[in-house]
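Worksheet for the structure shown next.
The values are calculated or read from the model by the stated rules, or taken from the named source; none is laboratory data. As the structure is a prediction and not an experimental result, all values here were calculated from the model. All Cβ positions, glycine included, derive from the backbone under ideal geometry; neighbour counts span all protein chains shown.
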Amino acid sequence: MHELSVIADYQDRCGEGPLWDGSHKRLYWTDCLGLRFYRYDWPSKKHQIVREGFEIKGFALHQDGGFVISNTSGIWLWDGAGTPKMICAESGGFPCKANDCIADPAGRLLAGLFYYDTSKDYPLGKLLAVDTDGTSRILDEGFHLANGLGFSPDAKTLYFTDSVARCIFAYDYDAATGSVKNRRIFVRVPPTSGIPDGLTVDAEGFVWSAEWYGSCVVRYDPGGVIERRIETPAKQTSSIAFGGPELSEIFITSAGESAALPVTPPGYDPHSGYFGGALYSMRLDIQGKPEYLANICPK
């Protein structure tokens, strides 16, 4: 295992959603508060801003090129150059205020909807599925702050994070129908630690979770037991993805704008220290797995 290094530093207010594009050997990530979307080119080691002024909370690569995007207004299709097209603003009467998302093996998009508000009562969030024809449905509900998602290597288990509940849930997933059942707690993060945020799963079926307020990413075995912890300089470590030509590099995003939620661990200082803003990478002795491509073509 090599040292953690900074590969880009745009001082992101809330860096999130790293995603590796294996076909073009690129990593994409977003600053969802700074409204910037980035690309890192592996062969040249150069990075650049791809788009500014449009909120991107989460995204998946599309089979036909471009992206499917989730944000607080809904779900969008974007060819990577023109104007994004809204395809889902509400589902079942609920606004699609979406955070992280992921494509499934059939090309659907799954996204977490959240309505968390520290100043007032709020409706609980949802787990949303957008089918390949662009129609949507609610798969489950009852979440405070929907966050990272990931699939086991055989795609029979879906992991889904609720940051405020400090839980990573697991479901049995049916890729043929895009349905979930048997929700259970995979990991409950103790109140003395950071809160679970972005998530990915490696080729061995171990779950990686970035800990906001925790200055680390944690690797859990398939039974939910901590296998290792990798410390980062950023107090607000936000998300993680595997990439590189051999999928043996981890990329870690972080957030520079302090967000002091009521679930901060005891003794956490929201006013001083380095919160984040940089994109990190590290080579591992562990291999990731490719993420699925979306294939959403609204009628």
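On the basis of being over 16 Å from the mean Cα position of the chain (by Cα) and within 21 Å of Arg26 (Cα to Cα), does Gly92 make the cut? Step through it out loud before you land on a result.
Numbers: over 16 Å from the mean Cα position of the chain (by Cα): yes; within 21 Å of Arg26 (Cα to Cα): no.
The answer is no for Gly92.
Hey, Ala260 hits all of (1) at pLDDT 95 or above; (2) more than 30 Å from Lys156 (Cβ to Cβ) but one; which does it fall short on?
(1)
Quick one: what pairs do we get from the stretch 13-25, first residue basic (Lys, Arg) and modelled with pLDDT of 95 or more, second part of a loop (DSSP other than H, G, I, E, B) and buried (at least 24 other Cβ atoms within 10 Å of the Cβ), C-beta under 7 Å, 6+ apart or different chains?
These pairs meet every condition: Arg13/Ala255.
With the requirement that a residue be within 20 Å of the chain's Cα centre (by Cα) and either part of a loop (DSSP other than H, G, I, E, B) or of a type in the set (Ser, Thr, Tyr) (or both), what does the stretch 265-283 give you?
Within the stretch 265-283, Phe275, Gly276, Gly277, Tyr280, Ser281 qualify.
Could you please give the count of residues in the stretch 205-258 that are in a strand (DSSP E or B) and either within 30 Å of Ser44 (Cβ to Cβ) or touching a Ser or Thr at 6+ places or on another chain (Cβ under 9 Å) (or both)?
So the first thing to find is which residues in the stretch 205-258 are in a strand (DSSP E or B), and the list is 207-212, 216-220, 226-231, 236-243, 249-254.
Narrowing further to those that are either within 30 Å of Ser44 (Cβ to Cβ) or touching a Ser or Thr at 6+ places or on another chain (Cβ under 9 Å) (or both): 207-212, 216-220, 230-231, 236-243, 249-254.
Looking only at that region, the number is 27.
Of all strands (runs of 3 or more DSSP E) completely enclosed by the stretch 68-170, which ones contain at least 2 residues that are of a type in the set (Ser, Thr, Tyr) and either surrounded by 20 or more Cβ atoms within 10 Å (Cβ to Cβ) or touching a residue at least 12 places away in the same chain (Cβ under 8 Å) (or both)? Let's see the steps before the verdict.
On the way: elements: 74-78, 85-88, 98-103, 109-113, 125-130, 136-143, 146-151, 157-162.
Passing ranges, in order: 157-162.
When residues of the stretch 225-264 are filtered for being under 19 Å from Val164 (Cα atoms), of a type in the set (S, T, N, Q) and under 17 Å from the mean Cα position of the chain (by Cα), how many remain?
5
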